[in-house]
Structures are given as structure tokens and as C-alpha cells.
Amino acid sequence: MKSYDDKHIKNIVLLGSHGSGKTSLAETMLFEAGLLNRRGRVEDGNTVSDHTDLERERGYSTQISCMHTEWRQYKINIIDTPGMDELAGETVPAIHVADTCVLVLNARSGVDVGTELVWEHVKPAHRPVILAINQLDQEDADYDEVLKQAREHFGAAVTVMQYPLEQGAGFHRIIDLLRMTMYVFKDEGGKPEKHPIPEGEREKAESLHKELVEKAAENDEQLMERYFEKGGLDEDEMSAGLRAGMMQRTCFPVFCLSALRNMGSGRLMGFIDNVAPSATDMPAARTEDGGHLPCAVDGPTVLYTFKTASEAHAGRVTMFKVMSGELREGQELINGNTGAVERMGQIFSLMGKERKPVPVLVAGDIGAALKLKDTGTGQTLHAKGAEVRLAGIAWPAPRLYRTIRAKDPKQDEKLHAALLEIQQDDPSVTTRYVRESSEQVIGTLGEIHLGVVDWKLNKLFKVEAEYGSPKVPYRETIRKSAEAMYRHKKQTGGAGQFGEVHLRIEPWYEGMPAPSGLNVRNTEVLDLPTGGKLVFCNCITGGVIDTRFMPSILKGVMEKMEKGPLTGSPARDVRVLVYDGKMHPVDSNDISFKIAGLMAFKDAFTQADPLLMEPIQEVEIHVPDELMGDVMTDLQGRRSIIQGIEGTGRIQVIRAQVPVAELDRYSTRLRSLTQGRGTHTERFLEYRAVPAELQQKLIHDHQQQEVPA
Ligand SMILES: Nc1nc2c(ncn2[C@@H]2O[C@H](COP(=O)(O)OP(=O)(O)OP(=O)(O)O)[C@@H](O)[C@H]2O)c(=O)[nH]1
Ligand SMILES: [Mg+2]
């Protein structure tokens, strides 16, 4: 393979909703570049990009895949991404390392929810964007409608470069407004013939061309002057203006395609080759300490890992972008995030599952290495002495939580190790151990994402896992103060036990006044591991309880707070005042006072108008107009409080506050309610009182469980 200097490398990422045609487009681009003799088809499971067994099984992309073409003077790296929003953990890092985003729109469904959600990931990246309207050969393709939606959603930057002369089965001609020519494709697609624009189209093409010239000129003063002087611009001048507009994100060029019929992708490649910015044209990358790292071959070797994956035979594959300097085979680098020393061994250029060994990769290029010891996705590798950490990625937040455990308990450890590796590869997967319910909870972006994790566990790590609904992390507290005493006495032969505790408990709140009528000798303020505070005051006078027993009383209180009196959920925000008690000179000991403290607290708690609180999530739901009714009806059955509804084009955004207890597997329900066209995000808002009758029911259920069978 020819070696390319840093000025001749371009990295594009194919983005768009599920099924818009990204993988098919990548296949056609490789074919047009002469790298394939025959084009594969997603349905046949023989495309270069969808190369994993899982993707062939599912018939859609589940992970990013890198390929490259050598087109005229440039090496163009193509990163294909999954369109499913639940697999955004793959897409976000790909955008991070790309220079230009090619957003593929389906000419039938236009700017759908999937496109909207991808756009939410594109916006913060500030990358140049090309819009590719694909599937124009489909019966119900509607170029003008899609263009209208694109303008509504992406704004005035939408810049028409081409328009189709027909759509549907007859689609085979495109008017190109930059070259002012008509491309005519044969049925089998491929290289088009160039024809003059037909008379009937001249007026329309002229006026659109004029708009394009002005669009190009407005991004560069000199060009504007030249335009006023000459009344026009030539193709090179327009290309320079369009590139400037792309860099300033005031220009999103729109192209026409049918990837399946290989019509239009060659022209798109030509535009990327001629006009799209190369890696070194892009602004310097941000570093964690607020600095910047320019993409320059003479800088220190710095890599950014955007994908790590476990492969059955190859083991761990790490994909990276050379952010600065050059990388040579066998070079030793430091992982800026873990401190690990990594020997790069052989390095490769990528072509789907194929890896081509290369001796060197320069700044801007994308490559891979195998078997790195301790490097995950989203990390920085740098040359010794060039300490740098590139700014991280905002990973999409989970929206489906399931408990997870190994079907066979003997595999618990294996499951744990496998999950660590899966998370290193895909940081949008989260796991955490919930102490209060002794559950391991996995967080993913939805059932499809969880399905991918489960597939990897079975196929790559040979572990079978089972899933369940996590317990709702209720919390208990009190609404008024109460007093109780408890005498623990066991003096029936052998070592006796005796301890008596009198205490008052009060609802705790920030800034509450000192307790009235009691002499506080000592106060301990504890931040509870499950949230909230416990304030424990020793108000003993006259030495009725020796100070050395205070920690035991506190221990008893904390044990009861960990598993609260109502439903066994953690209690919080209580002030406990121990103000009286009794000791026995011989039989009083730690255990006696722990039990007395625990029981006195429990009694007082049940008299203090105890309250069960539940976590409330702030939920944002994106759903197409026509499906909003069903989603709203469903939401109303979930004790939700609607905060607002906002329309963006044909998509409604519903904001609501919903109890966690009502959101179990909500992403799954929403997918089925909207045939996969709706999605939601959620984040913790606060704890709120559980409705009285639900509190009764939960207390009753808990008591049922407590009653020995
Ligand atoms: N008629 C027609 N079908 C197309 C075209 N492009 C893609 N398809 C079909 O649309 C379906 C989805 O194509 P993919 O290339 O897998 O779409 P994708 O964007 O990669 O989908 P995800 O991987 O799920 O994100 C496949 O059945 C393709 O054959 C096109 O231009 N015309
Ligand atoms: Mg795909």
C-alpha cells in the first residue's frame, strides 16, 4: 500500500439512522475505488463493513468498522457506524476521530427520530457535515420533502449541490450544480455519462447554481470580491469557498444517491477528495488540561483509541487515530490514562475485518494494533516524555437497567472479568454493585444494546448470564419527631446482657436548630453511603449510660437505618438524640446497647409518621408526531407529571417526571409503542414521597416477605 503523508489523509464517518444505507454506501465507495470486484449486500451478509458474526446474524451494523480507499491523491478512511440509537456508544467515539461527518438520510423517511438523535451527537463535535440523500430509487422517495425537513432541522447551512431528475425505480439522472452537468447512470450504476443539462432544467439549474456560487463566495472575503468583479466563480474557487463554509459549519453540502444501485457515490467520493478538509486542516485536538494538540507529523507520537474489541482469534484489537507525530511498528508508548507501557508490535491499516500491515502511520491516519495489555476505548497513548491526555468523550447515559448474574454461580468471576473487558471496549455499558439489594446492575442504552452485550458474553467469553428487574432504591425517612425507649435484658444464666436506651428522633434538615430541652454533649454527623444524613447526639446526663457504649448504640441505629423499619430500604435524614438509659454494672456490654439502640430507634421510627420515598427521573422522550398520543396515554399510566411538550419539525419532545418504579424496561416499551422510532433519555431528579396507598402496599409486601414460611 502506498504511504500517504499527513496532508493527504481524510477521515470520514458515515452516520444516519438505522437502515438509511451507510453500510451499503461504504460498500459502493470501496467498489467505486476499485478495491472490490463485486459489491456485497447487507442482506447477503457479505459486505466488507458488517463483518462480525453478530452483524451477519442480525442484518445490521452493531459496531463501528473502518475501511479505507485510495482515491486519486488521498487516502480516505471510512468509518461506518451503527444507526441504532442504542448503539451510540459506538458512534460517539467515531465522530470524535473523524474530520468530516457524512450524514446519510433515507429519501423515504427523511429527518426521522434516528437522524435527530445522531445529530445530537454531531452538534457538539463541531465537525464539517455532508448530507447524502440516499435510496432515491425507492418508490416513495421524496427528495424535496427531505430537503425541506433538512432545512427545518439543520438550518440555512443546508446547501444544495445536486438534485435528481426523477425518483423511484426510474432514478438514473442527477443534475450537478457545481459542475453544471447532468450525470446519467446505466442501470447497473457505476461511472455515469456526463451530459449537458436539458433545456427544460436550465432555468432551475441556473438559479440553484447561482445560490451555490453565492453560498461559496460568502465564506471568504476575497472570493466575495472576485465574485462581484467577475459575476461568477470557477469550480476551484467554489470548492475553496465550500471548504471554508464546511469548516465554519455554514455549509452542509447535499448530495443525491442510490447506494444500492451504485449511483452517485463516485461523485460524492470526488467531492470528499477535492473539497472536504484533510486531517491536518482540522482544528487542534483539545487536551484534558485545557491545552491543544495540533495534528502535525513533526509533533510527538500521540494516539487516541476510539474502539477496542475482543475478537475470537485475534484477541484484543485496538483502533486508533494518530493525533500527532508518526507511529512506527514496534514503538513503545505510554497509556496516558492508565500509565501502562504498551508495545505496539505490528500496526495495520484497516479494511473491515482485514488488517493490512504497514510500517508507519502518520498524523491524521487511522490504524490498529493487536494485543495491547491495558488500553481501552477513549484513551490516549503517547511517546515517552510527551505526557498528554486528550480530552475525553461524553458517553451517552444508560436508559435500561437490569440485574445481571451468571446462570451458573461458578461462573461469577468469569462474568465479572468479561464485563470489565466489555466496558473497556464500550464505556457506554455501565455496571455497579448495589449494596442495599446485593444486586449487580448493568446499565445499557436499551434491549438491543443489552442483546449485543449478552451475545459477546456467550460467544466471546463463554459465560451465560441471566437478567432481572433491579429493586427500586426506595428510601425511608420520618415526618415528625417521636420518642421511644427499649430495655434489652437477658439474664437467664451465663453471660448476661442488659442495656436500656431512651431516645428521641427528629426529621433532619440542613440548618435545623439545636434540639430543645436536651443537653447535647456530643454530636456526630454522618453522610450515609445510600444518601442523606444521620445526626447522632449524645444527650446523656448523670452518666446513666457510659460514653463507651455510645458507639454501640450508634451501630444499632445505623444497622436499622441500613434496612429501614418500613420496607427494609435505607433510611435517611434523621437526627437521633440519646437522652436517657440504664446500665447494669456487670451485664451491660456493647451488644446489649447495640440491640437496645436498634430496637428503640425502630420503635420511635414507626411512631414518627414514617415516609417511604421513591426516586423520580427526569425523562425526555423523542417521538414522531403521529405516535405521540399512544406515548402520552402510556405515560399517564405511569404516575408521570408532564413538564412540557415541544415540537421540532415532525418530532415531538416530551419532558416528564416519572418514578423509577414505573420505568422498568421503559426503553423496551417505547420501542414497541413506536416501532423503534421513539427513544428516551432519563436522569435522576430527586426523591419524593410515595403515594399513601402504594406505601401501604409496599409495607405489606415487605411484611409478607419477612414472615417466616
Ligand atoms: N432501494 C435501496 N435500498 C437501499 C439503498 N441503500 C441501502 N438500501 C437497503 O436498505 C437496507 C439497510 O441498508 P444498510 O446499508 O444496512 O443501512 P445502514 O444505514 O448501514 O443500517 P444500520 O447498520 O442499521 O445503521 C438494506 O436492505 C439495503 O439493501 C438504496 O440506495 N436503495
Ligand atoms: Mg450498517
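Relative contact order of the chain, taken over Cα pairs closer than 8 Å and 6 or more residues apart, is 10 percent. Here the chain is treated as an ellipsoid with the same Cα gyration tensor; its semi-axes, largest first and in whole Å, are 61, 28, 24. Here the average projected area of the convex hull drawn through the C-alpha atoms of region 567-708 stands at 12.3 nm². Here the alpha carbons of region 476-608 define both size measures, Rg and Dmax, at 14.1, 49 Å. At q = 0.12, 0.17, 0.19 Å⁻¹ the log10 of I(q)/I(0) for region 96-243 amounts to -0.58, -1.12, -1.29, computed by Debye summation with a single uniform scatterer per C-alpha, solvent ignored. Using only alpha carbons, region 401-447 has a radius of gyration to Kirkwood radius ratio (Rg to Rh) of 0.96. A quarter of the convex hull surface defined by the alpha-carbon atoms of region 165-303 gives 11.8 nm² as the mean projection. Applying 1/(1 + (r/R0)^6) with r as the Cβ-Cβ distance of M224 and V653 and R0 = 41 angstrom yields a FRET efficiency of 0.60. Would you kindly calculate the mean projected area, averaged across all directions, of the convex hull enclosing the Cα atoms of region 29-73, in square nanometres? Mean shadow area of the hull around the Cα atoms is 3.3 nm². Kirkwood hydrodynamic radius of region 415-471, from the reciprocal of the average inverse Cα-Cα distance over all distinct pairs: 11.7 Å.
The share of C-alpha pairs in region 43-105 whose separation exceeds 17 Å stands at 45 percent. Report the paramagnetic label zone for D53: residues of region 411-454 whose backbone N is under 14 Å from a point 7 Å from Cα along the Cα-to-Cβ axis. Within reach of a label on D53: 454.
Of the solvent-accessible surface of the chain, computed with a 1.4 Å probe and all protein chains present, 50% belongs to carbon and sulfur. Taking each DSSP H run with n ≥ 4 as -39500 (n - 2.57) and averaging over every residue of the chain yields -8500 deg cm²/dmol at 222 nm. Take the Cα of H416, step 7 Å toward its Cβ, do the same at R639, and the gap between the two points is 3.5 nm.
Below 11 angstrom from the Cβ of E332, what's the summed charge of the other residues (Lys, Arg +1; Asp, Glu -1)? Net charge around E332: +2.
Note on D144 and E562: the model spin-label points, each 7 Å out from Cα along the C-beta direction, lie 7.1 nm apart.
Determine how many Å³ per residue the convex hull of the Cα atoms of region 259-313 encloses.
Numbers: hull volume 10.3 nm³, N = 55.
Hull volume normalised by residue count: 188 Å³.
Viscosity 0.692 mPa s, temperature 37 °C: what is the translational diffusion coefficient of region 396-492 from Stokes-Einstein with a Kirkwood Rh over Cα pairs, rounded to a whole number of µm²/s? In µm²/s, the coefficient rounds to 209.
Starting from region 5-46, pick out the trypsin sites (Lys or Arg not before Pro) whose DSSP state is loop and whose Cβ has at most 16 other Cβ atoms within 10 Å.
Details: sites: K7, K10, K22, R38, R39, R41; in loops: R38, R39, R41.
Taking region 5-46 and a limit of 16 other Cβ atoms within 10 Å, the loop trypsin sites (Lys or Arg not before Pro) found are R38, R41.
The residue among L415, V452, V434 whose Cα reaches farthest toward the positive pole of the charge dipole of region 405-461, with charges on the beta-carbon of Lys, Arg, Asp and Glu, is L415.
Calculated on the Cα set of region 656-709, radius of gyration then Dmax: 15.8, 47 Å. Summing Lys and Arg as +1 and Asp and Glu as -1 over all other residues whose Cβ lies under 9 Å from the Cβ of L165 gives a net charge of -1. The mean of 1/r over all distinct Cα pairs in region 285-383, once inverted, gives the Kirkwood hydrodynamic radius of 13.3 Å.
If you bin all the Cα-Cα distances of region 613-694 at 5 Å, starting from zero, the percentages per bin are 3, 15, 28, 25, 15, 8, 4, 1, 0.
Over 19 Å, how big is the tail of the calculated P(r) for region 1-129, in percent of all Cα pairs? Walk me through the intermediate numbers first.
Numbers: 3918 of 8256 pairs.
When all Cα pairs of region 1-129 are counted, 47 percent exceed 19 Å.
Among the trypsin sites (Lys or Arg not before Pro) in region 299-386, those placed in a DSSP loop whose Cβ has at most 15 other Cβ atoms within 10 Å are K353, K371, K373, K384. Solvent-accessible surface of the chain, averaged per residue with a 1.4 angstrom probe and all protein chains in place: 42 square angstrom. Each Lys or Arg adds one and each Asp or Glu subtracts one; over the other residues with Cβ under 10 Å from the Cβ of T308, this totals -1. Round to the nearest 0.05 the FRET efficiency obtained for K489 and A514 when R0 = 51 Å and r is the Cβ-Cβ distance. It comes to 0.95. Checking the Cα-Cα distances for K407/K697; K7/K191; K407/K459; K471/K563 against a 20 Å cut-off, the pairs over it are K407/K697; K7/K191. Put the Cα centre of region 159-218 next to the Cα centre of region 286-350 and the gap is 42 Å.
Taking every pair of Cα atoms in region 248-341, average 1/r, invert it to obtain the Kirkwood radius, and report Rg/Rh to two decimals.
Numbers: Rg = 18.1 Å, Rh = 16.9 Å.
A ratio of 1.07.
The values are calculated or read from the model by the stated rules, or taken from the named source; none is laboratory data. Keep in mind that what you see is a predicted model, and the values were worked out from it rather than measured. Neighbour counts are summed over all protein chains in view; Cβ atoms, including those assigned to glycine, are modelled from backbone coordinates with ideal geometry. Surface accessibility is based on the protein's heavy atoms, side chains included, excluding ligands, DNA and RNA. Shrake-Rupley method; radii C 1.70, N 1.55, O 1.52, S 1.80 Å.
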